[in-house]
1. Take Val203 and tell me if it is among the hydrophobic types (A, V, I, L, M, F, W, C), in contact with an Asp or Glu (Cβ under 9 Å, 6 or more places away or on another chain) and within 17 Å of Thr252 (Cβ to Cβ).
2. Here are some conditions: (1) within 27 Å of Gly357 (Cβ to Cβ); (2) touching a Gly at 6+ places or on another chain (Cβ under 9 Å); (3) charged (D, E, K, R). Arg2 meets all but one. Which one does it not meet?
3. Mind checking whether some residue in the stretch 239-247 is closer than 27 Å to Asp303 by Cα, surrounded by 17 or more Cβ atoms within 10 Å (Cβ to Cβ) and of a type in the set (Ser, Thr, Tyr)?
4. Kindly list the number of the only condition in (1) modelled with pLDDT of 95 or more; (2) closer than 29 Å to Gly143 by Cα; (3) buried (at least 17 other Cβ atoms within 10 Å of the Cβ) that fails for Gly265.
5. Please state which of the following conditions Glu315 fails to meet, knowing it meets all the rest: (1) surrounded by 15 or more Cβ atoms within 10 Å (Cβ to Cβ); (2) under 26 Å from the mean Cα position of the chain (by Cα); (3) farther than 30 Å from Val141 by Cβ.
6. Tell me yes or no: at least one residue of the stretch 361-374 is loosely packed, with under 13 Cβ neighbours inside 10 Å, assigned to a helix (DSSP H, G or I) and free of Cβ contacts under 8 Å to residues at least 12 places away in the same chain.
7. Does the stretch 197-208 contain at least one residue that is buried (at least 24 other Cβ atoms within 10 Å of the Cβ) and either among the small types (Gly, Ala, Ser) or under 16 Å from Lys227 (Cβ atoms) (or both)?
8. Cβ-Cβ under 6 Å, sequence separation 6+ or interchain: first residue in the stretch 304-325 and of a type in the set (D, E, K, R), partner surrounded by 18 or more Cβ atoms within 10 Å (Cβ to Cβ). Which pairs?
Amino acid sequence: MRKHILIVGGGYVGMYTALGLRKLIRSGEVSVTVVDPRGYMTYQPFLAEAVGGAIEPRHVVAPLSRVLKGVQVLAGRVTRIDHNERVAEFQPVQGPARTLAYDIVVMAAGSILRALPIPGLAEHAVGFKTVGEAVHLRNHVLGQLAAAASTDDPDVRRRALTFVVVGGGFSGVEALAEMQGLADDALRYHPSIARDELGWTLVEATGRILPELHEDLGAWTAKALTKRGVAVRLNSRLVSAEEGRATLDDGTVIDAGTLVWAAGGRPNPLNAASGLPLDRVGRIKATEYLTVEGVADAFAAGDGAAVPDLTRPGEFTAPNAQHAVRQAKLLSRNLAAYVRGRALKPYRHAYLGSVAGLGHHQGVAQVYRLKLTGVLGWLAHRAYHLAWVPTFNHKARVLADWTLSMLFRRDLVQLTAIEHPADDFQASFPTRSGQDFAA
């Protein structure tokens, strides 16, 4: 009897798992459904380069319906799972909710931004986890420079040229670095703004940045950013963002026109509505075989799963792309073995290292014990991530973007209007005052 596999989430784990199941799909052993709110997979390591303009935002995402031939892709959200009945409640992007029946479920919903109840944060900050946020940040940075060049109010100018990023991990550091690179290039077309007028601050709650890398590389990165005019505030926490002013726990107040929140993630809240066993932070308890602990016909991997790290007994695999992609490949093989009644294999992957791009042709990389900084680190960052970009089509487009960015200056057009496409149309209608409307 053909099994129906429901994959919840179309990120790294969801997409690569579905790709790995194509042989089973062609043989008629299974049918596969992938549910994702957006309908595309985002290659998040390149979001920062989308902000800086080195990569076209469309090339950072892979449409699931195009990549996953033979797989049913549904755009919407799974809101609840009743695994005893093998059904999931599905809310499509339009229309009424419905029920999806399945035989095997794969929980790959990943993580969401870890937002904290800080006053003013929701109103005045922008996250950095989606391609929409990357596009917004690019437009916003260019818009702030244009605003500063167009005003004679010193307070407005100072605020527009002040940028704060909270979070010293990969996302925060790379976002700030690419924003700064974008702004530096744009100053060529704003001669009234001096480079030293721009204020950049990186806020990190711990005593170091880039904790995934060796401490030496984190220190090198902090020093490199400092040389570029970035104030790196370690052991500092944001306690308020009211009125757009970033207030730190030591009393420092930064009147910032741009506040980016990149302080990590947390497991998707869907985990709590799945009825599956969770650990204390909300991750689904998984075994080394990527099955759900103590539950039949259920698998989990990626950021939202607590997968034992067999290379470090007692610990769990880190929530990063390196593990997600490799877990997905094993997960697809284990699903095939599970359907065919064969033995499953454990997930074991020693940490290879990590890479980070810092803009300005700088980067840092750690590959096993090898440490690279500067241009070599930047090249390692690009080579590593290009290798993991899904599909040859997207690899070629990213490579073409990089080539063009080396040959020509950045495209600095500001397209803020695309974020509010209805504004101009609505403004064209007459108002209800006076004699605009007939009686």
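1. Here the answer is no, as Val203 does not meet what is asked.
2. (1)
3. So far as the stretch 239-247 goes, no, none of its residues is closer than 27 Å to Asp303 by Cα, surrounded by 17 or more Cβ atoms within 10 Å (Cβ to Cβ) and of a type in the set (Ser, Thr, Tyr).
4. Of everything listed in (1) modelled with pLDDT of 95 or more; (2) closer than 29 Å to Gly143 by Cα; (3) buried (at least 17 other Cβ atoms within 10 Å of the Cβ), Gly265 misses just condition (1).
5. Condition (1) is where Glu315 drops out.
6. no
7. Looking through the stretch 197-208, at least one residue is buried (at least 24 other Cβ atoms within 10 Å of the Cβ) and either among the small types (Gly, Ala, Ser) or under 16 Å from Lys227 (Cβ atoms) (or both).
8. Asp309/Thr317; Glu315/Asp309
The values are calculated or read from the model by the stated rules, or taken from the named source; none is laboratory data. Values in this document were obtained by computation on a predicted structure and should not be read as measured data. Don't worry about glycine lacking a Cβ; one is built from the backbone with ideal geometry, like all the others, and counts go over all protein chains shown.
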